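The values are calculated or read from the model by the stated rules, or taken from the named source; none is laboratory data. Just so we're clear, the structure is a prediction, and the values are computed from it rather than from any experiment. Positions of Cβ are generated from backbone atoms using ideal geometry, with glycine treated the same way; all protein chains shown enter the neighbour counts.
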Amino acid sequence: MNYTKNIKYLLFIAALSINAVGIAQNDFDLTQKWFNETLYNPASAGNNFSTGVFLHTQQLWGFSGAPSTHAGTVDTYIEDLRSGVGLTFAADKYGSISSYNARFAYAFYIPVGEKAVLSLGLSGGILARSRRVTGSGSENPDDPSLAYGNVSEYSPDFDFGFEFKGPFKLGASIRHLAAQSPQYNLPRHSINIWAYLSSRFNVSELLSLEPMIAMQKNELSYYAEAGALMYFLKTERRNTYSDRFWIGALYRTENSFAILAGINLTPKIRLGYSFDYAIGGFSSIAKGGKHELFLSFYLNRIFYKDETCPAYRKVKY
């Protein structure tokens, strides 16, 4: 199979999709989303073919009211159904504005030969937004809903995505498909698109390299990021989490740079850290940078020693 030709074709389709849709409010952006794509793409639910828990916490330092994000995912793969299911949550705060999101994700896996799989995913849940109001900042101080010092609104939330996982990983998602019009001048969440591509190559018996690129666009901005992770002391078990530790770097076109590092404490527990530093005009404000911790652990870590995709095993011919 000509994978180079396929990569070029899929990238072309992804680029068309991104530029064909107008989108809005900027979502939270986790640096280590590469280890937990399910937060952004329901098609990734269960893509590790086991049951896992992923936790993120991110804090921007350097000025009062700096943004903070807390997010997590619990997902599993159901082999008999060739399906992945998961629950995701996120809490994002910027000054007086807070957003909360909880969703259920489902992904169906379609084998593409014995060594690759295509998944299609859909998630649904609720999106809550609130803003703490001061009397002087309200456009309508007589509104009774402002009596308790804050305003809130709720709306349904749906996402759709796909992911191809084989010699490379390619995915894209469309988020906030059912977002409603805002009230009380709260942030507006409408369609938001994220696309990503990564692949992993063995450099030596103990070393592997994973280059990656991603693109995200919304009403406020459009940016791309590119970088690579270097994995060290990998074992013979066929799984990306069989590595002992990793380091990496990312650059974003919005003028920020990030370094990443992590370690597998046990075959089932991994810990990661990243530091983002703004290198544009924003660097004078966010002097402390952005710090993020990532923790994941598995309830039934499975290592597949053969080259057959787990989803392929349940195909009846």
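Within segment 88-98, track down each residue that is closer than 29 Å to residue 49 by Cα and surrounded by fewer than 17 Cβ atoms within 10 Å (Cβ to Cβ). Hit for segment 88-98 is 89, nothing else.
Please go through segment 269-289 and give me each residue that is among the basic types (Lys, Arg) and at pLDDT below 85, ordered by number. Answer for segment 269-289, where residues must be among the basic types (Lys, Arg) and at pLDDT below 85: just 287. If only residues of segment 263-278 that are in contact with a helix residue (DSSP H, G or I) (Cβ under 8 Å, 6 or more places away or on another chain) and part of a strand (DSSP E or B) are counted, the one that is surrounded by the fewest Cβ atoms within 10 Å (Cβ to Cβ) is 277. Among the residues of segment 193-206 satisfying the criterion of being part of a strand (DSSP E or B) and surrounded by 14 or more Cβ atoms within 10 Å (Cβ to Cβ), which is modelled with the lowest pLDDT? So the residue we want is 193. Assuming residue 25 fulfils every condition listed in (1) more than 16 Å from residue 103 (Cβ to Cβ); (2) assigned to a loop (DSSP other than H, G, I, E, B); (3) modelled with pLDDT of 75 or more apart from one, which condition is it? Of everything listed in (1) more than 16 Å from residue 103 (Cβ to Cβ); (2) assigned to a loop (DSSP other than H, G, I, E, B); (3) modelled with pLDDT of 75 or more, residue 25 misses just condition (3). Scanning segment 160-192 for residues that are at pLDDT below 85 and of a type in the set (A, V, I, L, M, F, W, C) returns 177, 178, 179, 186, 191.
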